[in-house]
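Read the structure below first, then the notes.
The values are calculated or read from the model by the stated rules, or taken from the named source; none is laboratory data. No experiment lies behind these values; they were computed from the predicted model shown. Cβ placement follows ideal geometry from the backbone for every residue including glycine, while neighbour counts extend to all protein chains displayed.
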């Protein structure tokens, strides 16, 4: 039942949200993209490249707090319908930011 509700919520969000779920391609062009999966490295490179401060690499370390230990849902919990809706809404994001769509 939880997976059903989870998928229903995602599908509702994809269809109704006009603010938080806007495809990221709507915010481009940008000069630099920071990806979550490589956030520390990307942030360090960003600061060292564009920062006007005289910083060392140690000064760019991001704090890590509130890390989730037990994931409740994973991509394997998404229904085919939910995956199709995500792929359709964010297709340009997948292409621009070089992510693979799941099927």
Taking first residues from region 1-29 that are at pLDDT 90 or above and second residues anywhere that are assigned to a loop (DSSP other than H, G, I, E, B) and loosely packed, with under 10 Cβ neighbours inside 10 Å, the pairs with Cβ under 6 Å that are 6 or more apart or on different chains are none
Farther than 15 Å from residue 12 by Cα, in a loop (DSSP other than H, G, I, E, B) and free of Cβ contacts under 8 Å to residues at least 60 places away in the same chain - does that describe any residue in region 74-95?
yes
Taking the conditions exactly as written (modelled with pLDDT of 85 or more, under 15 Å from the mean Cα position of the chain (by Cα), in a helix (DSSP H, G or I) and over 20 Å from residue 11 (Cα atoms)), does residue 34 satisfy them or not?
no
Residue 49: passes all of (1) assigned to a helix (DSSP H, G or I); (2) surrounded by 13 or more Cβ atoms within 10 Å (Cβ to Cβ) but (2)
Taking region 72-90 as the search range and keeping residues that are over 18 Å from residue 20 (Cα atoms) and under 16 Å from the mean Cα position of the chain (by Cα), which one is modelled with the highest pLDDT?
83
